[in-house]
1. Which value, in Å² rounded to 10, gives the accessible area of GLU42 with a 1.4 Å probe and all protein chains present?
2. Suppose a student asked you for the relative contact order of the chain, using Cα pairs under 8 Å spaced at least 6 residues apart; what percent would you report?
3. For the peptides 177-185, 212-220, what is the packing order when you average, over each peptide's residues, the other Cβ atoms within 10 Å and list the highest mean first?
4. Cα centroids of region 356-372 and region 229-248: how far apart, whole angstrom?
5. Nearest 500 deg cm²/dmol is fine: what mean residue ellipticity at 222 nm does the chain get from its DSSP H runs of n ≥ 4 alone, each adding -39,500 (n - 2.57), divided by its residue count?
6. Summing +1 for each Lys or Arg and -1 for each Asp or Glu, what net charge is found among the other residues whose Cβ lies under 14 Å from the Cβ of GLY207?
7. Return one whole number: the accessible area per residue of region 246-387 in Å², for a 1.4 Å probe.
8. Under a plain spin-label model, where a point goes 7 Å from the Cα along Cα-to-Cβ, how far apart in nm are GLU135 and ALA302?
Amino acid sequence: MEPEQIKNIRLLLVDDEAQFRSTLAKRLQKRGVVALQAGSGEECLSILEDHPMDVVVLDVKMPGISGIDALSQITERHAETEVILLTGHAATQDGVEGIKSGAYDYLTKPVEFDHLLGKIIQAYEKILGEKQQKEAAEYRARTKQQMIATERLAALGTLAAGIAHEINNPLAIINESAGYLESLLQKQEYADMPRRAVFEKALKKIGGSVGRARNITHQLLGNVRKTKPILTDVDAFELVLETAQLIKKEAQEKEIVVDLQTAEALKPILTNPNQVRQVLINLISNAIHATPQQGRISVEVAPTAGGISIAVSDTGTGVPKEHLEKIFEPFFSTKAPGEGTGLGLFVTREIVEKLGGTVEVMSKIGQDTRFTVYIPDQGRAENMGNR
Ligand SMILES: Nc1ncnc2c1ncn2[C@@H]1O[C@H](COP(=O)(O)OP(=O)(O)OP(=O)(O)O)[C@@H](O)[C@H]1O
Ligand SMILES: [Mg+2]
């Protein structure tokens, strides 16, 4: 063991012979180990309450509580502490008993100094080894849990896309049939049909609900499953302007100002414009939902080393810290049923990652929220480190 490490050993010497303790402590100090001292089992236990120790060198034969009794209390209350017993020459039986009750080892008095120091170091090494093992086990458990979470999400995404695909066909049939019935109702021969208005109303409801269900399946299928991406030169700011136009109505309804900013020297990048548009729609519409009446949203486009970044900021509700990861999970939504599917950000992350980029979120509850997407220029070879 390195001398540096020896210095770290937290050591307690417990013996009723003050002379023996102080001589031992002095010799230990010369070798770099600073030891605390206790004159009885009681004192030893009370020191341990406030000062956790790595190693306790414990005399067995003391007035008051015996070393063996002190040992059993130490193993019970301070499992991380190792105990080396010192027994009388004729009392090795005590040592054997002590090991049974959890002592690291025992030495018979009179002790040879180097032998004792060697044992103290060994006991300390055992502690370090166990600590390392414990840390490694914790690390393994943590990574395993993270892996399970990631795999679960990926599986969930695939499953969701699969279900969406299967649901699309029956949805189309429901939609067509409802449309057909609607067109029938328009015909002259049904003009006087009893309760015609009720039928019409019901068919409208069907149409509306089919529309909502289709929004979900389109989010999942149109973007997650697109296999052949179309790549073109995209002027990101043009795309932002165009997208802002698409959701102008939503913003106007709440009298929200959408502030668009760009850097001067923005070069076009090679990417999939439809997918970037979808990402922008998802982020801006979330910002609009979170922003109060007459609020302000900003969208900033800037060049990065390997492509561009687009940041959508708002000063709306904010995302609570414990939701920051969850918001990217499929179907996580804090909106009322029918108002949010909880797919927007899931799809956003899927798209951006497929484009080779990343999404980041920063939010302070009740203050501001900023989603930044980094999108690489796929025309550049070095776009991997796109930041
Ligand atoms: N800008 C934002 N400010 C505050 N919270 C946000 C913001 N963007 C997203 N969130 C939170 O993240 C959740 C998930 O967002 P996501 O876009 O995935 O789904 P949604 O908006 O609820 O529904 P959808 O987009 O499918 O209609 C939201 O319900 C909301 O709680
Ligand atoms: Mg959304």
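1. Its accessible surface works out to 90 Å², give or take rounding.
2. Details: 581 pairs, mean separation 37.6, N = 387.
For the chain, the relative contact order is 10 percent.
3. On the way: 177-185: 13.6, 212-220: 17.6.
The most tightly packed comes first, giving 212-220, 177-185.
4. Comparing the Cα centres of region 356-372 and region 229-248, I get a distance of 21 Å.
5. On the way: 11 runs with 190 residues, N = 387.
Result for the chain, helices only: -16500 deg cm²/dmol.
6. Working: positive: LYS201, LYS204, LYS205, ARG212, ARG214; negative: GLU176, GLU182, GLU200.
Charge balance near GLY207 sits at +2.
7. Details: 7070 Å² over 142 residues.
About 50 Å² of surface per residue is accessible.
8. Result for the modelled spin labels: 3.7 nm.
The values are calculated or read from the model by the stated rules, or taken from the named source; none is laboratory data. Not measured: the values here are computed from a predicted model. Cβ atoms come from the backbone with ideal geometry, glycine included; neighbour counts cover every protein chain shown. When the accessible area is computed, the model is the full protein with side chains, heavy atoms only, and any ligands, DNA or RNA have been set aside. Shrake-Rupley method; radii C 1.70, N 1.55, O 1.52, S 1.80 Å.
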